[in-house]
Amino acid sequence: MTELKKMSFEEARAIAEKKAIERVGIFLADQVGPVLDDYYIRGENFWIFFASENVKLPPESWELRQFPAYGVSDYNFIGYFRDFREQPEELTKALKGLPKRVEEYRVRKQKELDEAEASKHKN
């Protein structure tokens, strides 16, 4: 049985950076510096990376401004998050369900991997 490979911090950060550039790259032409902040949160089986203050978004980019953080589990990209660093109670609520979601994803993907491997051996 092949195990799903857990990502390293560097791999997870690279995924978050790629998603950030895909998402806000159009606004980065005149800006210098990293797209992600050095600060991140490491949770149980996930990381949350935050957009750098270097990324200046226009006021009309409501969704991009509301969800400037990027979640990456040990196995895949999770999604976009609000930046609740200044609101610890809200941050705790937002992160509460992530370990369960990550584990559900891991179980589902491991099952798919196992089925694909079994199918390969049948042929």
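Each value in this text was obtained by applying a stated rule to the coordinates, not by laboratory testing. Treat the numbers as computed from the prediction; the structure is a model and nothing was measured. In this analysis, Cβ positions are derived from the backbone assuming ideal geometry, glycine residues included, and neighbour counts consider all displayed protein chains.
Can you say whether Phe49 is buried (at least 18 other Cβ atoms within 10 Å of the Cβ), in contact with a Gly (Cβ under 9 Å, 6 or more places away or on another chain) and not basic (Lys, Arg), as far as the supplied structure shows? Yes: the conditions hold for Phe49.
Note on the range 62-80: residues that are loosely packed, with under 13 Cβ neighbours inside 10 Å and in contact (Cβ under 8 Å) with a residue 12 or more places away in the chain total 1.
Residue pairs whose Cβ atoms lie under 9 Å apart, separated by 6 or more positions or on different chains, with the first residue in the range 33-50 and in contact (Cβ under 8 Å) with a residue 60 or more places away in the chain and the second surrounded by fewer than 17 Cβ atoms within 10 Å (Cβ to Cβ) and not in a strand (DSSP E or B), are Asn45/Lys6; Asn45/Pro99; Asn45/Glu103. Only a single criterion out of (1) surrounded by 15 or more Cβ atoms within 10 Å (Cβ to Cβ); (2) closer than 18 Å to Lys5 by Cα is not satisfied by Phe84, namely (2). The residue pairs whose first member lies in the range 1-21 and is without any contact (Cβ under 8 Å) to a residue 24 or more places away in the chain, whose second member is surrounded by 13 or more Cβ atoms within 10 Å (Cβ to Cβ), and whose beta carbons are closer than 6 Å, counting only pairs six or more residues apart or on different chains, are Ile21/Val35. Restricting attention to the range 16-30, report how many residues are out of contact with any Leu (no Cβ under 8 Å at 6 or more places or on another chain) and either under 25 Å from Lys96 (Cα atoms) or surrounded by fewer than 13 Cβ atoms within 10 Å (Cβ to Cβ) (or both). Looking only at that region, the number is 6.
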